[in-house]
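Let me begin by presenting the structure, written as structure tokens, before commenting on it.
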Amino acid sequence: MPRVARKPKPVTRPEFSLSVQFASEADELPSRAQVRRWAAAALEHPAEITVRIVDAEEAQALNRDYRQKSYVPNVLTFEYGEVSPGVLGGDVVICAPVVEREAREQGKPLKDHYAHMTIHGVLHLQGYDHIDPADADIMESHEIAILKCFRITNPYHS
């Protein structure tokens, strides 16, 4: 009996709206399309998200004002909960100079590190965390699997 080719089931991703803001003068920023692909890959729920790429001064001010921390972070996530029924809302703020420095120090492509920080921030928006070691293992395994879809190596492997 001849085999009938079956069409693969399409992967359905949650609907989302995304605003990408560039508030940095850094070179080699990712494109809006790249940020959209990375965010979409990390989403498990419908969402309204803003990803804002900033310079150190803005990142440090946000970290100080909202987290009472004085350092310049690589990524911050502001979760707003449900902004409408079943739709999560939040902002992901990525600090370009820190991402550039970390990529250089870790010997990885800058684009790969932006992908990691975008995915990391979007997972935080959905409630993932890495404070507890068991939760960190779960979050990191999700990051690794998502990054693998983009042919990006495990960022936690030394």
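Bear in mind that the values in this text are calculations on the coordinates, not laboratory data. What you see is a predicted model, and the numbers here were worked out from it, not measured in a lab. Methodologically, a virtual Cβ is constructed for each residue, glycine included, from the backbone with ideal geometry; neighbour enumeration extends over all protein chains shown.
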Taking r as the C-beta separation of Arg13 and Lys108 and R0 as 30 Å, the FRET efficiency to the nearest 0.05 is 0.70
Going by alpha carbons, how many degrees (0 to 90, nearest 10) lie between the helix axis of 32-42 and the longest principal axis of the chain? 70
So the angle from the long Cα axis of helix 96-106 to the longest Cα principal axis of the chain, reported in degrees to the nearest 10, equals 70
Taking Cα atoms, the helix 133-149 axis meets the longest principal axis of the chain at an angle in degrees (rounded to 10) of 60
Per-residue ellipticity at 222 nm for the chain, helices alone: DSSP H runs ≥ 4 residues times -39500 (n - 2.57), over residue total, nearest 500 deg cm²/dmol? -13500 deg cm²/dmol
Which cross-chain or sequence-distant (5 or more) residues have an amide H under 5 Å from the amide H of Phe16, H modelled 1.01 Å from N in plane? Ala47
Counting DSSP beta bridges with both partners in region 21-153, what percentage is antiparallel, nearest 5? 40
Taking the structure as given and computing P(r) over Cα pairs in 10 Å bins from 0, in percent, which label from [x] 10, 37, 29, 15, 7, 2, 0; [y] 10, 38, 36, 10, 4, 2, 0; [z] 11, 39, 40, 9, 0 fits? [y]
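Would you order Cys95, Cys149 from fewest to most other beta-carbon atoms within 10 Å of each residue's own beta-carbon?
Starting with the residue having the fewest Cβ neighbours, the order is Cys149, Cys95.
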Mind checking which of Asp27, Asp65, Asp132 has the largest fluctuation in a GNM of the chain, springs on alpha carbons under 10 Å? Asp132
Amide H proximity to Gln21 below 5 Å, modelled H, separation 5+ or other chain, gives Val51, Arg52, Ile53
